[in-house]
Amino acid sequence: MGAGGARRKPRVRFGVVVFPGSNCDADCYHVVRNVLGEEARYVWHAETDLTGLDCLILPGGFSYGDYLRTGAIARFSPVMGEVAGFAARGGLVIGICNGFQILLEAGLLPGAMLRNDSLQFRCHYTNLKVENAETPFTRLCRPGQILRIPIAHGEGNYTAAPGVLDELERTGRVTFRYVDERGEPSREANPNGSARNIAGIVNEAGNVLGLMPHPERCSEEVLGSADGRLIFESIVDHVRSRRGAGSR
């Protein structure tokens, strides 16, 4: 025990999946290990052992060079079968940017990604409205809170059939939406043409999140914003609360 007899809570264990072409894996690892002080290990795309992990991160980048279609080849990596099983057992999965695209290609989230409507690669800060603050990824956010989080993508134009979009809205699965500084989902605030300004969604069970903006790039004030840290801290808080409930 340390000073005052307090014992440090067991660390939350993250796995950062690495595909050939991932380039945000080290950023996610840094946030987990050095900013939050939790455990993290890299999971190579050919691995199939996810034992002991609480949350999987599919990071941004250009998996397999995006040569066929964003996420289309990574979807067949050996690890993805294990990711699906991990999610089915209730494990937390967060896909960021290219990770979101991979989750869509793998069928773990509904919809697809198109080229940005500008046909340009967009790299800048955006305003995100927290539409659902009751997910494992947003539980420390306020409903309607606006987060300042950057994007960096060329294929972030989220699309789905109208019925799917209606269902996502009706069930509260739209987690983040691009908005202006007043919190309005205007066309000008939409950086890529995404349907209904959608920036992030969860699956039906609520334990798989995909979002295009990069919270790992704004988890420290020195970077210009620490709003992204709320997403990682929410994951940690959820896992710890679940552990506490299981011990009673």
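The values are calculated or read from the model by the stated rules, or taken from the named source; none is laboratory data. The model shown is predicted, which means the values in this text are computed figures rather than measured ones. Methodologically, a virtual Cβ is constructed for each residue, glycine included, from the backbone with ideal geometry; neighbour enumeration extends over all protein chains shown.
Assorted remarks:
- Note on segment 117-131: residues that are in a loop (DSSP other than H, G, I, E, B), surrounded by fewer than 20 Cβ atoms within 10 Å (Cβ to Cβ) and in contact (Cβ under 8 Å) with a residue 24 or more places away in the chain total 4.
- Members of segment 204-213 that are surrounded by 24 or more Cβ atoms within 10 Å (Cβ to Cβ) and not in a strand (DSSP E or B): MET212, PRO213
- Verdict on VAL93 being of a type in the set (Val, Ile, Thr), buried (at least 19 other Cβ atoms within 10 Å of the Cβ) and within 24 Å of SER219 (Cα to Cα): yes
- Options GLU204, GLU181, GLU155, GLU167: the member that is among the acidic types (Asp, Glu) and under 19 Å from LEU92 (Cα atoms): GLU204
- Considering the conditions (1) surrounded by 23 or more Cβ atoms within 10 Å (Cβ to Cβ); (2) at positive phi, GLY193 is excluded by exactly one of them, (1).
- Check on GLY99, assigned to a helix (DSSP H, G or I), buried (at least 22 other Cβ atoms within 10 Å of the Cβ) and at pLDDT 95 or above: yes
- The residues in segment 139-188 that are hydroxyl-bearing (Ser, Thr, Tyr), within 19 Å of LEU109 (Cβ to Cβ) and outside any strand (DSSP E or B) can be counted, and the count is 1.
- Residue list for segment 176-190, restricted to those being hydroxyl-bearing (Ser, Thr, Tyr) and loosely packed, with under 15 Cβ neighbours inside 10 Å: SER186
- Residue in segment 227-246 that is without any contact (Cβ under 8 Å) to a residue 60 or more places away in the chain and in contact with a strand residue (DSSP E or B) (Cβ under 6 Å, 6 or more places away or on another chain) present: no
- The set of residues from segment 50-85 being over 18 Å from ILE102 (Cβ atoms) and either without any contact (Cβ under 8 Å) to a residue 24 or more places away in the chain or not charged (D, E, K, R) (or both) comprises THR51, GLY52.
- For segment 41-56, the tally of residues that are outside any loop (DSSP other than H, G, I, E, B) and either closer than 16 Å to ASP237 by Cα or among the basic types (Lys, Arg) (or both) stands at 3.
- Checking ALA152, ALA72, ALA84, ALA112 one by one, the residue that is closer than 16 Å to ASN23 by Cα and surrounded by fewer than 24 Cβ atoms within 10 Å (Cβ to Cβ) is ALA152 and no other.
- Just one of the listed residues (ILE201, ILE231, ILE146) is touching a Lys or Arg at 6+ places or on another chain (Cβ under 6 Å) and surrounded by 23 or more Cβ atoms within 10 Å (Cβ to Cβ), and it is ILE201.
- Matching residues, segment 57-90, being in a loop (DSSP other than H, G, I, E, B) and out of contact with any Cys (no Cβ under 7 Å at 6 or more places or on another chain): PHE62, TYR67, LEU68, ARG69, THR70, GLY71, ALA72, ILE73, SER77, ARG89, GLY90
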